[in-house]
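Let me begin by presenting the structure, written as structure tokens, before commenting on it.
The values are calculated or read from the model by the stated rules, or taken from the named source; none is laboratory data. Everything numeric here is computed off the predicted structure, so don't read it as measured data. Here the Cβ positions follow ideal geometry from the backbone for every residue, glycine too, while neighbour counts run over all protein chains shown. Side chains are part of the model used for accessible areas, which takes the heavy atoms of the whole protein and leaves out ligands, DNA and RNA. Shrake-Rupley method; radii C 1.70, N 1.55, O 1.52, S 1.80 Å.
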Amino acid sequence: MKKTMAAALLGAMALSLAACGGNGDDKLAKNVEKAYDNRADAMEQAADNMKDQAKQIRKSGEQQADAIDDADVNAAAMSDAQKTALMNGTEKLR
């Protein structure tokens, strides 16, 4: 009887150990989740940086447009390449 009880107790302990993640999978799962969180954080930071860059580009475009209006540029006398360069930001009005 004592042997049966000891075996049953040993079996119960083994089951409880297996049920609580005795294979180390909890740590692995936590590490995987943290890695994904880190990647998501990096993506969010990159998106924030892109928003800041987009604001600066818009501001530069507005400034360039104002400079063109203020200078009364004769657009009809400009070549298509010059107009394209102004639109692409590869050339600025001097």
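What shape does the stretch 51-91 have by the C-alpha gyration tensor, where a ≥ b ≥ c are the square roots of the eigenvalues, rounded means a/c under 1.5, and otherwise prolate means a/b greater than b/c and oblate the rest? Because a/c hits 1.5 or more and a/b fails to exceed b/c, the stretch 51-91 counts as oblate. Average accessible surface for the stretch 22-71: 89 Å² per residue, computed with a 1.4 Å probe over protein heavy atoms with every protein chain in place. Note on Lys55: accessible area is roughly 140 Å² with a 1.4 Å probe, heavy atoms of protein only.
Among the listed pairs Lys55/Lys83; Lys51/Lys83; Lys30/Lys55, give every one whose C-alpha distance is greater than 31 Å.
Correct reply: Lys30/Lys55.
Here the spin labels are modelled as points 7 Å beyond Cα on the Cα-Cβ line, and at Ala29 and Ala85 they lie 6.3 nm apart.
Taking K and R as +1 and D and E as -1, what net charge do the other residues with C-beta under 13 Å from the C-beta of Asp66 add up to? For residues surrounding Asp66, the net value is -1.
Each peptide among 38-48, 63-73 gets the average number of other Cβ atoms lying within 10 Å of its residues, and from highest to lowest they stand as 63-73, 38-48.
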